[in-house]
Amino acid sequence: MPRAALLFLALSLLAAACADWGVDGMNRLEAQYPSGGDGDTLDAAPEDVAGVDIGEVRGEVTGGTWLMRMQLTAGMKVFADPSDMVLTNLFLVTIPEDGGVASLTFCDQLADVDIPGGMGETEQPAATRAAIGAIPIEVALDADGVPEAQEIAWTWGIKDMEDPFEDKIPEGPEDPRVWDQDEDGHPGVTIHVFQPEGDRYMVRRAIWSFDAGVLSEDGGWLNGALTFTIDEGAVGASSAILETVAPIIPSAEDNIWHMRKVAGIGEDLEWDCARLIDEHEGVFKDAP
């Protein structure tokens, strides 16, 4: 199963073949792929996944290296009723010994969506993941080194926004705020689509509204709730059929992040993005 990042609008799968595609297109797609249960069910992590033993992590403060998983629940507006969707963001996190600001390095975004026939599977090329991860995300910490309540705007393929929270995202590659972030010769960031085969060049903004985090009694876990919004748009594609994107409709509940400490200040780090991506289900199996 390819690692999914974002999903393109399933309506576009039929648009090229239907010259008279119009207001009744949604009904035709609904008739061909009934949304009442033919999709891929969104399951929890497999029960047979073994928890990952990270050994003893020393340190009286939160300073050190943490692994982070953010799970966001949403609907994707493909049919008349949105399809269930879960986005999982994975990060490596560094917290300084004296606290202040945590630095999040993006590793990958996985998407699980209940769309009939598995339509719209995509992945981020390695260059895209690396380019997004090259710009750390800063998270403010309270006096105890725990993430405090705050809002964060996270953009892909967009620069020089006057107000990253309120400005409208670019609508085309001619907008000077669009940049080739992954340096592959195409505007925005590139997402690979498996069916129909091709690439979509896109821009994206996510806004996270964090509640204050909570530190576990043993000091090994941080967690908290959040709400979010996502705006995205295509600024090009390898074929016109890939240029339409589906709205992501956030759920107001069941959105949570967890961090697990894996090294204290000065300890050797045995984790990188590749290992986190491979072992994240086991890492967070026993999350509080």
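General observations
- Test for residue 102: is it at pLDDT 95 or above, of a type in the set (A, V, I, L, M, F, W, C) and surrounded by fewer than 22 Cβ atoms within 10 Å (Cβ to Cβ): no
- The strands (runs of 3 or more DSSP E) falling completely within segment 145-225 that include 1 or more residues that are farther than 26 Å from residue 257 by Cα and in contact with an Asp or Glu (Cβ under 9 Å, 6 or more places away or on another chain) map to 189-193, 198-210.
- For residue 190, the criteria (1) under 30 Å from residue 54 (Cβ atoms); (2) β-branched (Val, Ile, Thr); (3) buried (at least 19 other Cβ atoms within 10 Å of the Cβ) hold in every case but one, which is (1).
- Which numbered condition residue 189 fails, given (1) modelled with pLDDT of 95 or more; (2) in contact with a helix residue (DSSP H, G or I) (Cβ under 7 Å, 6 or more places away or on another chain); (3) over 30 Å from residue 253 (Cα atoms); (4) not polar (S, T, N, Q): (3)
- Of the residues making up segment 140-171, those that are within 18 Å of residue 245 (Cβ to Cβ) and at pLDDT 95 or above are 154, 155, 156, 157, 158, 168, 169, 170.
- For residue 151, the stated conditions hold: it is surrounded by fewer than 20 Cβ atoms within 10 Å (Cβ to Cβ) and out of contact with any Cys (no Cβ under 8 Å at 6 or more places or on another chain).
- Any hit, segment 264-286, residues being part of a strand (DSSP E or B), surrounded by 14 or more Cβ atoms within 10 Å (Cβ to Cβ) and not hydroxyl-bearing (Ser, Thr, Tyr): yes
The values are calculated or read from the model by the stated rules, or taken from the named source; none is laboratory data. Everything quoted here is computed from the prediction, not taken from an experiment. We place every Cβ from the backbone using ideal geometry, glycine too, and count neighbours over all the protein chains shown.
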